[in-house]
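> Quick one: this structure, given as structure tokens, is what I'll be asking you about.
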């Protein structure tokens, strides 16, 4: 399988459009379309690195012929461990004193920065009957180095009340909102006191 087909399979596995993949890499949407349709197209240098980073794997894994199966391309991402923090630790971010240290660490099967951590979901605000759901007990991986965009799941804190929440980040007409997935809870508009800690890049729920 050529690189373009690998990229196309991985992109679809993640549910991304070509435009979404372009936003996650240093490659234009047109170049991605060309790569996916041209069997001899190549990607090198920083562009290849950004593709691998977007898919949570190494460049060697992305180019390797040994990672194919009948069900498609299956790459094992580089496993990085993240500390499991407590929600009450998060206000320390506001004064720059949060230490990413913990007695409990968990391997993250997602591409994350060194400035990442895990949290355990404590309520049903982000549960949903359709699509992705985060029931109580789910571990979520939070990357503080990711810049949020509309539709991302994020962790935010109120600078005044020091209350931390897990919500979907929505920008509509230039106005920012914190949206729960559980429709029993209200949508909240971000205020000047709202500080976004990081973007949720993945989750894990024990069977």
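> Criterion first (modelled with pLDDT of 95 or more, surrounded by fewer than 12 Cβ atoms within 10 Å (Cβ to Cβ) and over 14 Å from the mean Cα position of the chain (by Cα)) does residue 156 satisfy it? Break it down into steps so the answer makes sense when it comes.
Numbers: modelled with pLDDT of 95 or more: yes; surrounded by fewer than 12 Cβ atoms within 10 Å (Cβ to Cβ): no; over 14 Å from the mean Cα position of the chain (by Cα): yes.
No; evaluated as a whole, the condition is false for this residue.
Listed here are the residues, each with its yes/no results for (1) closer than 21 Å to residue 147 by Cβ; (2) out of contact with any helix residue (DSSP H, G or I) (no Cβ under 7 Å at 6 or more places or on another chain); (3) outside any loop (DSSP other than H, G, I, E, B); (4) at pLDDT 85 or above.
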site: 1; (1), (2), (3), (4): no, yes, no, no
site: 16; (1), (2), (3), (4): yes, yes, no, yes
site: 21; (1), (2), (3), (4): yes, no, yes, yes
site: 36; (1), (2), (3), (4): no, no, yes, yes
site: 53; (1), (2), (3), (4): yes, yes, yes, no
site: 66; (1), (2), (3), (4): no, yes, yes, no
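> Let me ask something else about it. For residues that are touching a residue at least 40 places away in the same chain (Cβ under 8 Å) and surrounded by 13 or more Cβ atoms within 10 Å (Cβ to Cβ), scanning just region 136-147, find the one that is farthest from residue 120 (Cα to Cα). Quick ask: steps written out before the conclusion?
Here is the first cut: in region 136-147, the ones touching a residue at least 40 places away in the same chain (Cβ under 8 Å) are 137-147.
Among the residues that remain, those that are also surrounded by 13 or more Cβ atoms within 10 Å (Cβ to Cβ) are: 138-144, 146.
On the way: 138: 6, 139: 5, 140: 6, 141: 9, 142: 11, 143: 15, 144: 16, 146: 19 Å.
Within region 136-147, the match that is farthest from residue 120 (Cα to Cα) is 146.
Yes or no, residue by residue, for (1) assigned by TED's automatic domain parsing to the domain that holds residue 97; (2) surrounded by 18 or more Cβ atoms within 10 Å (Cβ to Cβ); (3) assigned to a loop (DSSP other than H, G, I, E, B); (4) touching a strand residue (DSSP E or B) at 6+ places or on another chain (Cβ under 7 Å):
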{"site": "166", "(1), (2), (3), (4)": "yes, yes, no, yes"}
{"site": "171", "(1), (2), (3), (4)": "yes, no, no, no"}
{"site": "177", "(1), (2), (3), (4)": "yes, no, no, yes"}
{"site": "183", "(1), (2), (3), (4)": "yes, no, yes, no"}
{"site": "186", "(1), (2), (3), (4)": "yes, no, yes, no"}
{"site": "191", "(1), (2), (3), (4)": "yes, no, yes, no"}
{"site": "195", "(1), (2), (3), (4)": "yes, no, no, yes"}
{"site": "198", "(1), (2), (3), (4)": "yes, yes, no, yes"}
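> Do you know which residues across region 96-117 are within 24 Å of residue 59 (Cα to Cα) and at pLDDT below 80?
Within region 96-117, 107, 108, 109, 110, 111 meet the criteria.
> Return yes or no: is residue 118 surrounded by fewer than 13 Cβ atoms within 10 Å (Cβ to Cβ) and either part of a loop (DSSP other than H, G, I, E, B) or touching a residue at least 24 places away in the same chain (Cβ under 8 Å) (or both)? Working first, answer last.
On the way: surrounded by fewer than 13 Cβ atoms within 10 Å (Cβ to Cβ): no; either part of a loop (DSSP other than H, G, I, E, B) or touching a residue at least 24 places away in the same chain (Cβ under 8 Å) (or both): yes.
No: the conditions fail for residue 118.
The values are calculated or read from the model by the stated rules, or taken from the named source; none is laboratory data. Fair warning: this is a prediction, and the values are worked out from it, not measured in the lab. Note that each Cβ is placed from the backbone with ideal geometry, even for glycine, and that neighbours are counted across all protein chains shown.
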